[in-house]
Amino acid sequence: MKPGLIAGMSQEVRFEVTQAMCPHFDGVLVHPVCATWTLANYMEVAGRKLLTPHLEPHEEGVGVHLTIDHRAAAPIGALVTVRATVESASARRLTCVTHAASGERTIAEGRFVQAILPKERLAEVFASGKT
């Protein structure tokens, strides 16, 4: 991995909650608020934005750990900002703390870890079916 990722660096993504982002089970809308899995997606996107500029051409990042404490609801129409901040970085791993907020209100907090592997090795693993 290229140098330059240091603790405290951050990236953000913003989105407006839509009905498609709400929890649906068996095709039925359960709650008209942002689903935890939607937050998971955007936490990964924010973390990925930190990692991508630092990958060497032969490397790829893979999510290996994600925790989320979903603390408050964000209803349809709410604007949500998700921030990933580097907690630690090494040649093989990036750990970010994540925070999602709507205005001043915390919606969720968590941690996202990405392993950095050679693309060739990932291709071998995926081709073997032993993922």
Exercise. Consider ALA101 carefully, then state whether it is closer than 14 Å to ALA73 by Cα, out of contact with any Asp or Glu (no Cβ under 7 Å at 6 or more places or on another chain) and surrounded by 17 or more Cβ atoms within 10 Å (Cβ to Cβ).
Key: yes
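Being at pLDDT below 95 and not aromatic (Phe, Trp, Tyr) narrows it down to one of GLY63, GLY27, so name that one.
Details: GLY63 fails: at pLDDT below 95.
Only one candidate passes the filter, namely GLY27.
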Quiz item: Which residue pairs have Cβ atoms under 6 Å apart, sit 6 or more places apart or on different chains, and have a first residue in region 4-22 that is touching a residue at least 12 places away in the same chain (Cβ under 8 Å) and surrounded by fewer than 18 Cβ atoms within 10 Å (Cβ to Cβ) and a second that is assigned to a loop (DSSP other than H, G, I, E, B) and hydrophobic (A, V, I, L, M, F, W, C)?
Solution: GLN19/ILE76
Quiz item: Taking only pairs six or more apart or across chains, which ones have beta-carbon atoms under 6 Å, a first residue in region 53-65 that is closer than 10 Å to LEU122 by Cβ, and a second residue that is among the basic types (Lys, Arg)?
Solution: GLU60/LYS119
Quiz item: If you go through region 110-123 one residue at a time, do you hit one that is out of contact with any strand residue (DSSP E or B) (no Cβ under 8 Å at 6 or more places or on another chain) and either hydrophobic (A, V, I, L, M, F, W, C) or within 16 Å of MET43 (Cβ to Cβ) (or both)?
Solution: yes
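Looking at VAL82, VAL86, VAL45, which is the one that is without any contact (Cβ under 8 Å) to a residue 60 or more places away in the chain, of a type in the set (A, V, I, L, M) and either touching a helix residue (DSSP H, G or I) at 6+ places or on another chain (Cβ under 6 Å) or surrounded by 13 or more Cβ atoms within 10 Å (Cβ to Cβ) (or both)? Give the derivation first.
Numbers: VAL82 fails: without any contact (Cβ under 8 Å) to a residue 60 or more places away in the chain; VAL86 fails: without any contact (Cβ under 8 Å) to a residue 60 or more places away in the chain.
The conditions single out VAL45.
The values are calculated or read from the model by the stated rules, or taken from the named source; none is laboratory data. Note that the structure is a prediction, hence the values are computed from the model and not measured. Quick reminder, even Gly has a Cβ in these numbers, built from the backbone with ideal geometry, and neighbours come from all protein chains shown.
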